[in-house]
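Each remark here refers to the structure printed beneath this line.
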Amino acid sequence: MTSTDAPAAIAPAPPVLAEVVRSGFTEGHHRGSLVLLAADGSVERTLGDPDAPVFPRSSNKPMQAAAILRAGLELSGERLALAAASHSGEPFHLELVAKMLAEHGLSAADLQTPPDLPLDPVAAEAYLAAGNVRERITMNCSGKHAAMLAVCVRNAWDTASYLDPAHPLQLLVGQVVAEAAGEPVASLGTDGCGAPLMAIGLTGLARAFRLFVLAEPGSAERRVADAMRAHPEYVAGTRRPDTWLMTEVPGTLSKMGAEAVQAVALADGRALAFKIDDGSVRALGPVLARALELLGVDAPVVSRIGRAPLLGGAAEVGEIRAKF
């Protein structure tokens, strides 16, 4: 740098969304961005930069499931919910994934998910105690992959390359994501499960969820939303906040994603989306609960979702709490 060069501008740090308080001492912070939409779709509140592209990770799954329907696969009920799931790997999840594969002449060997253990710690302990090992079908995205493979069989598309970004299915997924978000896909990446991943802004993500709950009955988007809301235990699991929220606040569509992404739409069109920059899922519950409160959700499940105690030995000595 010469003496006449101006120093590069330093972007401001994202705002604090949650703080970590132990024994009355604030020992850490989780920063990020958030957007709240009013029922009419207008932006009600923002923190940070919700228009900057992010990878929504599994919060994109409703759009992926809608693309599968648009491509002609007939799915409904628990099967459609599982196609949009990050399931916990409980026995009922794995049984239905296996059935979905078998119904289309497929098996777990056709899945290109990485071998994994159940996402739910309780389910993982039981799975290992039974002498099982990591399998492709146990990975939390196996329901989505089973549906992707099934639609390839239905359309005589190549199943070996179903995760290629140039595959007809993945091109359709990109189109659905862009349409639902109301903005172009900003970047293309690879998700943890190996599927193509489309980057959009948090505002676009909130708009997409709002569109799904308000879509015309019978449309691909509404069918996905209705299946997820009717069978939330297949979208997540018996011990997961998405399940609790969709069960206890009727009409709510909720889907978390890896790296601490969350999107929610209420039945009347109010919606939210946020991402915690450091990817810490431990702060997700408190931030989600506070965002729901700001949207006017008054239900016992909000407190349940927001509770994130810190332990010192076996005693509770602090908490992670929202800071906005």
- Between the alpha carbon centres of segment 258-297 and segment 138-205 the gap in Å comes to 23
- Descending Cα extents along the principal axes, segment 1-86, whole Å: 65, 47, 29
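Using C-alpha positions alone, give me the convex hull volume of the chain per residue in cubic angstrom.
Given the Cα convex hull of the chain, per-residue volume reads 166 Å³.
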- Query: Mind listing the Cα extents of segment 181-236 along all three principal axes, in Å, largest one first?
  - Reply: 31, 25, 17
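Based on alpha-carbon atoms only, what is the radius of gyration of segment 151-291 relative to the globular estimate 2.2 N^0.38 Å?
Values: Rg = 15.5 Å, N = 141, 2.2 N^0.38 = 14.4 Å.
Rounded to two decimals, the normalised Rg is 1.08.
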- Could you tell me which Cys residues in the chain have no other cysteine's Cβ under 4.7 Å from their own Cβ, answering none if every one has a partner? C152
- Message: Accessible area per residue for segment 4-46 in Å², computed with a 1.4 Å probe and the full protein assembly in place, what is it?
- Response: 58
- Over segment 78-184, average the accessible area per residue using a 1.4 Å probe and give it in Å², no decimals. 41
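Could you work out the relative contact order of the chain, using alpha carbon pairs under 8 angstrom and six or more residues apart, expressed as a whole percent? Can you show the working numbers first?
Details: 682 pairs, mean separation 78.0, N = 324.
Worked out over the chain, it gives 24 percent.
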- Heavy-atom accessible surface of the chain: percent carbon and sulfur, 1.4 Å: 54
- For q = 0.10, 0.17, 0.19, 0.21 Å⁻¹, what log10 I(q)/I(0) does segment 51-181 give under the Debye formula with an equal point scatterer on each alpha carbon and no solvent? -0.31, -0.87, -1.05, -1.23
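If exposed means no more than 15 neighbouring beta carbons inside 10 Å and the site is in a DSSP loop, what's the longest run of the chain without any exposed trypsin sites (Lys or Arg not before Pro)? Before the final figure, lay out each step's value.
On the way: sites that count: R134, R239, R307.
Counting at most 15 other Cβ atoms within 10 Å as exposed, the longest clean stretch of the chain is 1-133.
Count the net charge of all other residues whose Cβ sits under 12 Å from the Cβ of G257, scoring Lys and Arg as +1 and Asp and Glu as -1. Write out the running numbers ahead of the final one.
On the way: positive: R57, K61, K255, K275; negative: D191, D242, E259.
Taking every other residue near G257 into account, the sum is +1.
The values are calculated or read from the model by the stated rules, or taken from the named source; none is laboratory data. Please read all numbers here as calculations on a predicted model, not as lab measurements. Cβ coordinates were reconstructed from backbone atoms using ideal geometry, including for glycine residues, and neighbour counts include every protein chain displayed. With ligands, DNA and RNA removed, areas are computed over all heavy atoms of the protein, side chains included. Shrake-Rupley method; radii C 1.70, N 1.55, O 1.52, S 1.80 Å.
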